[in-house]
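Step one of this worksheet: look at the structure below.
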Amino acid sequence: MMAKLPDIIFLVSALVCVASAVAIVSRKNPVYSVVYMLPLFLGMTTIFVLLQATFLAAVQMIVYGGAILVLFLFVLMLINLKPEELRDDFSLVPRVLTTLGAAMLAGVIAVFARRGSTDGLHHAFARDVDAAFGSVGSLATPLFKELVVPFELASVLIVVAIVGAVLLAKKKV
Amino acid sequence: MGWELYVLKAVAVLLIFGGVLSVVPFLVFFERKISAFIQDRVGPNRVGLAGPDSLLEAFGFRKGTRRVLGGWLQPLADVIKLFTKEALIPAHADRPLYLLAPLFAVLPPLLAFVVIPVGQDIVVSSGVLVKLQVADLHVGILFVLAVASLSAYGLAFGGWASNSKFPLLGGVRAMAQMVSYEVGMVLVILALVMSYDSVSLRDMVSRQAAGGTLLGIWDCDGDWIWGWGLFHQPLAFVLFAICALAENNRLPFDLPECESELVGGYHTEYSSMGFGMFFQGEYIAMMAMGGLLATMFLGGWHYPGYAWLNASDSLLVHLLAALIGLAVFGVKMLGFVFFAMWVRWTLPRFRWDQLMRVGWKGIIPLALANLVLTAALNLPAPAPAHEKPDRNLTAVTRDR
């Protein structure tokens, strides 16, 4: 039985996501953690595209891939940790969380292994949608019509957070 | 969806990428010639002496004049030199990232060309339609922004992986600068999206050809150049050109490589094709910005008389119109590249604090003002609520 192209793309990008997520938490050098976030975001973008959410895919890349990750990298490069300053030990919390995550991943793989087929994998969440689904207009219309109040409130929240950050940074010690 | 579609797409991709990559060495040559002209020097004039100049002389058209195109084979010599040079990797460099970084300098700007339309669809015969664009994504401009934001990594990785002080400073500067100017650029593009009512680059071009209300006030005809974004959004045009220079790290914004303080900035430790790829990436990015500028502000492939040529029934005339359109698009795109070179050899470099001040206190407030103004001027006339068409949704369904 031949697997469909979207299924293959989904499987590949999901594997890339999981592999790079594992790499992010297991690297000793934080710069490499940031480097491995790039394939993670690329994989997630691909999955967004498979789900017809093209606008979200673009925003994911612009905001996370472009802006936030660059800021992470910027801070890390400013500090520029030397090898002897990097900690070697794993504390308990990441260990427990990593084990839990690995167990969940194993569970998901087991489910698919029992089904014995990757056919129609993407149908699990992508249903038949009309052409405008996931585009700028279809996202903007509810945001600026039914959901306009929570949307604007969220922007107030963000402004408050920014002002708070500036205040904290400017505080005389 | 048959295999022909994939073949057609592959051909389109090869044509666009191959075309862009083969133009780059000549851009380097022209940059050297233009800089020579501006500084009253001769520039490269040795390689390829038996070129167009000698031919002109042989046929008696010019005698004893300066050889304007004397060094026309210089790009080839440069490429051979870069390829055959030893590729040094510094002993303390972070090897994988050091090798990965030049790739990030070249790929993102190349990818931006995927969505830039270079001509209208040509109907070759009944039903067979050739699109002069690799992919007509309906997120259009957002895709360009998404891949453009990746190009900061080439500089950042290169700077960090070289593991030496000058490149690190160059990389840090590159990131801070690109994030800062991206904000302004996105705000400028947002105003354009508002006035064109679409994020698709193809829609933007056709909106400019359709004419409309200039600055939201005067009605204008689309046949002549008055429909172009340059006249609809003059402030946005200027701001975008400035941001484009800053995003490409061109002078007066070339703080990341800044020869006088940082030796070579992020590419100090690179030699051979590693450096060659950074160099190439800069020129490709310049062309991509030029293509974007031509698409959003200068009417894309449109020129006065285009509609008149296209009104004909003959396929040959249509092809001719498209061909002229392609050339016109190239001229508009390379016009920006020429502008960038002109600026490079005319203006001195900003100081770091000046650069940040221009970005955050100059461009961003102006872009915000432009955005508010555009929103106010483009407010749709109030219509009865029940028969108000949903402009965004209809635009999107048309795209598909």
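Annotations
- Difference of contour (0.36 nm per residue) and Cα-Cα distance, B:Phe37 to B:Leu373: 116.8 nm
- Counting only protein chain heavy atoms and rolling a 1.4 Å probe, the accessible areas of B:Ile16, A:Ile79, B:Ile284, B:Ile89 rank, largest first, as A:Ile79, B:Ile89, B:Ile16, B:Ile284.
- Per residue, the convex hull volume that the Cα atoms of region B:219-356 enclose (Å³): 117
- Efficiency of FRET between B:Val183 and B:Trp345 - r from beta-carbon atoms, R0 41 angstrom, step 0.05: 0.90
- Summarised in one figure, the compactness ratio Rg/Rh of region B:267-347, Cα atoms and Kirkwood Rh, is 1.18.
- Solvent exposure, largest accessible area first (probe 1.4 Å, DNA, RNA and ligands not counted), of B:His92, B:His302: B:His92, B:His302
- Inter-site label distance for A:Phe144 and B:Ser271 at 7 Å from Cα along Cβ, in nm: 5.7
- Scattering curve values for region B:94-379, log₁₀ I(q)/I(0), Debye with Cα scatterers, q = 0.11, 0.14 Å⁻¹: -0.67, -1.00
- B:Glu86 accessible area, 1.4 Å probe, all protein chains in place, Å² to nearest 10: 130
- Accessible area (Å², 1.4 Å probe, nearest 10) - B:Leu107: 90
- Given a 1.4 Å probe and the protein chains as shown, B:Arg173 ends up with an accessible area of around 40 Å².
- For the pair A:Leu97 and A:Val63, the difference between a 0.36 nm per residue extended length and the Cα-Cα distance amounts to 9.6 nm.
- Going from the isolated chain to the complete set of protein chains, region B:152-198 loses at least 40 Å² of heavy-atom accessible area (1.4 Å probe) at B:Tyr153, B:Phe157, B:Trp160, B:Leu168, B:Val172, B:Met175, B:Val179.
- Largest accessible area first, the listed residues A:Leu153, B:Leu142 line up as A:Leu153, B:Leu142 when surface is computed with a 1.4 Å probe on the assembled protein chains.
- Too-long pairs where the Cα-Cα distance tops 27 Å, listed order kept, from B:Lys85/B:Lys332; B:Lys33/B:Lys85; B:Lys33/B:Lys332; B:Lys131/B:Lys332; B:Lys9/B:Lys332: B:Lys85/B:Lys332
- Between A and B, roughly 2700 Å² of accessible area is buried in total, ligands, DNA and RNA not counted and the probe set to 1.4 Å.
The values are calculated or read from the model by the stated rules, or taken from the named source; none is laboratory data. As the structure is a computational prediction, the values presented were derived from the model and not from experiment. So basically every Cβ, Gly included, is an ideal-geometry build from the backbone, and we count neighbours across all protein chains shown. Just so you know, the surface numbers come from the protein's heavy atoms only, side chains and all, with ligands and any DNA or RNA stripped out. Shrake-Rupley method; radii C 1.70, N 1.55, O 1.52, S 1.80 Å.
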